[in-house]
Structures are given as C-alpha cells and as structure tokens.
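*Asks:* This structure is in structure tokens; I'll ask about it shortly.
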Amino acid sequence: MPAQEKLIDQPTYSMALYRSAIHPEFFHIEDRVEVQHNDYDFEAWLCKGGHVLRFEYEGICVTEVIFPQVDNLPDRGHVTTLVCAGERDHEQEFGDRITLINSMQIELLPEHLYGDSFQELSEFADEANAKVIRYDDEGNKCLSIIDVQRYNDQLHVQSYHLHSENGVVFRTQSIFELKSET
C-alpha cells in the first residue's frame with residue numbers, strides 16, 4: 001500500500017473543550033465515575049472509544065470530550081478543538097481558579113505489540129479498579145479505560161482507548177488544577 005494511502009486510513013482523535021456541561025444525549029455512555037471532594041464535582045462518562053470529563057468548581061464548569069469524531073457536538077460553551085496526533089500537550093485556563101492540563105499520545109503499533117499493550121492495560125485496569133470497557137468492533141479487539149485520582153487541589157484522570165484496527169493505542173492524562181486565592 002502506498003504511504004499516502006496509509007496516512008488516509010490512520011485514525012484521528014480530537015479533543016473538544018467547553019466552558020459548560022454537555023447533555024448526555026450526544027453519547028452512548030457505558031459507565032461513569034462521580035467524585036465530590038473539597039468543593040469540586042467531577043463526572044466522567046466512559047464510552048466505546050472515547051470519554052467525557054466534566055469538572056465543576058465555584059460555578060465554573062470545564063468539559064473535555066475526546067472521541068474520533070467531535071463534529072456533531074453543540075457550539076454553546078465551545079472553547080477549542082484540537083486534533084490528537086502523535087504526542088501533544090495543552091494547557092487551558094478557565095476563569096482565575098481552574099487550569100486544565102492535558103497530555104496526549106497516540107501510537108499505531110504492529111499486531112504483536114498491540115496485543116502486549118492490550119493485555120498490560122487490561123490488567124492495569126483490573127488492578128487499579130479503574131472503569132473499563134472491553135468490546136469487539138467489527139472483529140477488532142478494543143478497550144477503553146478511565147482511571148481517576150483525587151487530591152485536595154487537583155484531580156488526575158488517565159484514559160486509554162485501544163482499537164486493534166491499525167493498532168491504535170491512545171493515552172491521555174488530564175489534570176484539573178485548582179489555583180489558590182491570592
């Protein structure tokens with residue numbers, strides 16, 4: 001297959017950020033995580049191949065959406081959309097009290113390395129008691145994971161989305177950081 005053709009077939013993920021919540025009707029939610037801690041509220045929706053994170057503190061709402069397609073989402077509250085290619089970091093302030101720091105990495109692995117990563121991350125999800133979806137998509141072995149750690153002034157979320165077609169392993173870390181008043 002020519003190199004140019006291979007590039008067209010590669011999967012693309014995007015991250016959309018919002019200053020408002022998004023209605024669940026836009027997603028097929030498989031599992032969820034809820035955290036209420038130190039005056040902040042957090043909810044994560046885990047879907048096949050993507051996730052939604054909503055963080056609220058002192059009337060400010062931050063929503064992160066990561067999916068292969070984010071084109072059908074509402075415009076209300078939209079801040080930015082980024083294509084997740086290779087390795088990428090992004091930092092976004094929401095008001096003067098919340099900073100969202102994202103780190104993303106997408107890899108396309110050969111079959112044997114994909115299988116090893118799938119097994120390793122599947123075991124990690126079970127050991128960490130993370131939310132996990134194992135599913136088959138038209139004969140492709142897939143996995144989506146959300147793992148959350150809460151702290152007094154931060155919330156850390158690691159996500160993993162794996163799809164055996166093209167050997168996709170997509171990892172993200174999102175840190176919702178509260179700034180102290182000065």
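*Asks:* Name the single residue, out of those in the stretch 83-94 being part of a strand (DSSP E or B) and touching a residue at least 40 places away in the same chain (Cβ under 8 Å), that is surrounded by the most Cβ atoms within 10 Å (Cβ to Cβ).
*Replies:* Per the criteria, the residue is CYS84.
*Asks:* Restricting to the stretch 143-153, give me the number of residues that are at pLDDT below 95 and either under 18 Å from GLN105 (Cβ atoms) or surrounded by 14 or more Cβ atoms within 10 Å (Cβ to Cβ) (or both).
*Replies:* Of the residues in the stretch 143-153, 1 are at pLDDT below 95 and either under 18 Å from GLN105 (Cβ atoms) or surrounded by 14 or more Cβ atoms within 10 Å (Cβ to Cβ) (or both).
*Asks:* Does the stretch 77-93 contain at least one residue that is in contact with a helix residue (DSSP H, G or I) (Cβ under 9 Å, 6 or more places away or on another chain) and modelled with pLDDT of 95 or more?
*Replies:* no
*Asks:* Check off (1) within 27 Å of SER20 (Cβ to Cβ); (2) surrounded by 18 or more Cβ atoms within 10 Å (Cβ to Cβ) for TYR114 and give me the number that stays unchecked.
*Replies:* (1)
*Asks:* Right, here's the next one. Go through the stretch 82-106 and count every residue that is β-branched (Val, Ile, Thr) and within 13 Å of the chain's Cα centre (by Cα).
*Replies:* Selection size over the stretch 82-106: 3.
*Asks:* All but one of (1) modelled with pLDDT under 95; (2) exposed (fewer than 15 other Cβ atoms within 10 Å of the Cβ); (3) over 22 Å from ASP31 (Cα atoms) hold for ARG97; which doesn't?
*Replies:* Condition (2) is where ARG97 drops out.
*Asks:* Next up: Quick one: in the stretch 26-65, of everything that is within 17 Å of the chain's Cα centre (by Cα), of a type outside the set (A, V, I, L, M, F, W, C) and part of a loop (DSSP other than H, G, I, E, B), which residue is surrounded by the fewest Cβ atoms within 10 Å (Cβ to Cβ)?
*Replies:* HIS28
*Asks:* Mind counting the residues in the stretch 66-79 that are among the hydrophobic types (A, V, I, L, M, F, W, C), under 13 Å from the mean Cα position of the chain (by Cα) and in a loop (DSSP other than H, G, I, E, B)?
*Replies:* Residues in the stretch 66-79 being among the hydrophobic types (A, V, I, L, M, F, W, C), under 13 Å from the mean Cα position of the chain (by Cα) and in a loop (DSSP other than H, G, I, E, B): 1 in total.
*Asks:* Then there is this: Does ASN72 fit the bill of being over 18 Å from ARG171 (Cβ atoms), in contact (Cβ under 8 Å) with a residue 60 or more places away in the chain and surrounded by fewer than 15 Cβ atoms within 10 Å (Cβ to Cβ)?
*Replies:* Answer is no for this residue.
*Asks:* Can you tell which of GLU64, GLU43 is acidic (Asp, Glu), closer than 25 Å to ASP137 by Cα and modelled with pLDDT of 95 or more?
*Replies:* The match here is GLU64.
*Asks:* If you go through the stretch 107-132, how many residues are part of a strand (DSSP E or B), modelled with pLDDT of 95 or more and farther than 30 Å from LYS179 by Cβ?
*Replies:* The total comes to 1.
*Asks:* Please state which of the following conditions GLN158 fails to meet, knowing it meets all the rest: (1) without any contact (Cβ under 8 Å) to a residue 40 or more places away in the chain; (2) loosely packed, with under 15 Cβ neighbours inside 10 Å; (3) not in a loop (DSSP other than H, G, I, E, B).
*Replies:* It fails just one condition, (2).
The values are calculated or read from the model by the stated rules, or taken from the named source; none is laboratory data. Here the structure is a predicted model, which is why all the values come from computation and not from measurement. Cβ atoms come from the backbone with ideal geometry, glycine included; neighbour counts cover every protein chain shown.
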